[in-house]
Each structure stands twice: as C-alpha cells, then as structure tokens.
Amino acid sequence: MAGFQSEVWQGHFAEGLVWALSCAAGLNPGKRALDTDGVDIQIGFPGATGTMRYPLIEAQVKSCCNPRYVGDAFSYSIPVKNYNDLIGRVGVDLPTNRYLFLVHTPATKADYVVSTHNSNNFQHAIYWVNIMSHDPIDPEAQSTKAVHIPRQNLLTVETLTQLVTGEIQETKEAVR
C-alpha cells in the first residue's frame, strides 16, 4: 500500500496517542500552526488549580519501536537542536515547563491498536522526562544527544495531570 513512510506513521501515531491520553485525562491538548521551537503539543488544564489558572505544559513527542536500554532507562538520541529546545528556565528562557515524551510503538502499524468488541487497546506506552536544567550543547560540536528516559516515568492519566498542574516537574529527572 502506497503512502507515508513507516517513520511518518509512527510519529503521527505517537502524537495521536499523547493527544488521546490528554483527552482521557480531561485536559486540553493543542497544536501550534508552525513547529518553530520543537514543541509538538501543548497540554492545558481546563480551569484553576491552586492559585494558577489554566496551567499548561509543552512537549516534544518522539517515537521508537526498538528502544535501547541503559540500566533502568531508555536511551534515545535526538538532534541537538531539539535537545536545546527543551532546555531553559521557566519565566526566563521559556514560558512554561517542557518535556520530552517518548512513545514506544510496535514495529508495524498493523499492531498499533488491538481491537475487540469491548475495547481498543493502543500499543505500547509513553514515557516522559524533564531535561530543562541540563546544559545546552553547541550544535557545531555534535549533531545528536542521547537522552535517558527512566522506565519509571510512565505517562498515565494521573502523571500527565500532575505534570500539567505542577504537582510533579523534576522529581524523576533523566540520568545525565
């Protein structure tokens, strides 16, 4: 069947999975018209939480079907430009918290969703990491950077809501 290359389908599925999880959490996902700063999705809370009204986060969504493990983390290489786009201080360099979401997908798109009369189960899982406090990298010195995403950082309805509301931000940071 002609159409998109498998990497395009995989990335499209990954963003859709994050979008669906956001909706399941009762959050408000959105997308900018242009991707100029590495942000694939913005996810907002539809009201006030504590003293903050309408908090939101931004995320870069990456996907892989063959994760490489380093201890208790996934190691995933991203372009230095994308890495640097995730680094900075809220209120100084960036308007809000930014995260890297890594979606572990099946190798073939036919396996992305397992459907029965009772459910549609999306395969496999989403993981998150905050690297905002890391040092930027000179793009002239290297082209990619391996980021370690702890396997314990499974993105669920609960953890996604906690990221958006600020209940967790950096407690499960990447191994440098």
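Let me know the charge dipole size of region 65-176 about its Cα centre in debye, to the nearest 20, where only the beta-carbon of Lys, Arg (+1) and Asp, Glu (-1) is charged. Please list the in-between numbers first.
Details: 9 positive and 11 negative charges, 51 e Å.
Roughly 240 debye for region 65-176.
Considering amide H positions built from the backbone, and no H for Pro or chain starts, which residues 5 or more places from Y99, or on another chain, come under 5 Å of its amide H?
E58, A59, Q60
Taking the Cα centre of region 72-156 as the origin and placing charges on Cβ (Lys, Arg +1; Asp, Glu -1), which of A141, S75, I87 is farthest toward the positive end of the dipole?
Working it through, the farthest residue towards the positive pole turns out to be S75.
How big is the equivalent ellipsoid of region 100-170 along its three axes, where each semi-axis is √(5λ) from the Cα gyration tensor, reported in whole Å from largest to smallest?
Details: eigenvalues 176, 74, 11 Å².
So the three semi-axes of region 100-170 are 30, 19, 8 Å.
How much of the pair distance distribution for region 30-176 lies past 21 Å, counting alpha-carbon pairs only, in percent?
Details: 5142 of 10731 pairs.
Summing the P(r) of region 30-176 above 21 Å gives 48 percent of all pairs.
Would you kindly derive the ³J(HN,Hα) couplings of region 38-49 from the backbone phi angles with the Karplus curve 6.51 cos²θ - 1.76 cosθ + 1.60 (θ = phi - 60°), listing them in order in whole Hz, with x for Gly and Pro?
With the stated coefficients, region 38-49 comes to x, 8, 8, 8, 10, 10, x, 8, x, x, 9, 9 Hz.
What number comes out for the charge environment of V164, summing +1 per Lys or Arg and -1 per Asp or Glu over other residues with Cβ under 13 Å away? Intermediate results must be reported in sequence, preceding the final value.
On the way: positive: R53, R98; negative: E58, E158, E167.
That works out to -1.
With +1 on each Lys and Arg Cβ and -1 on each Asp and Glu Cβ, how big is the dipole of region 2-111 about its Cα centre, in debye rounded to the nearest 20? List each step's numbers first, then the result.
On the way: 9 positive and 10 negative charges, 29 e Å.
Roughly 140 debye for region 2-111.
Determine the sum of side-chain charges near D40: Lys and Arg each +1, Asp and Glu each -1, restricted to other residues whose C-beta is under 11 angstrom from that of D40. Write down the numbers at each step before the final one.
Numbers: positive: K31, R32, K62, R98; negative: E15, D35, D37, E58, D85.
Residues close to D40 contribute a combined charge of -1.
Can you give the relative contact order of the chain as a percent, counting alpha carbon pairs under 8 Å and 6+ residues apart?
For the chain, the relative contact order is 23 percent.
Where does region 24-85 land on Rg(C-alpha)/(2.2 N^0.38 Å)?
Numbers: Rg = 15.1 Å, N = 62, 2.2 N^0.38 = 10.6 Å.
So region 24-85 has a normalised radius of gyration of 1.43.
Only the coordinates and a few stated rules stand behind these numbers; no lab work does. These numbers were taken from a predicted model, which means no experiment stands behind them. No Cβ is skipped: glycine too gets one built from the backbone with ideal geometry, and neighbour counts run over all protein chains shown.
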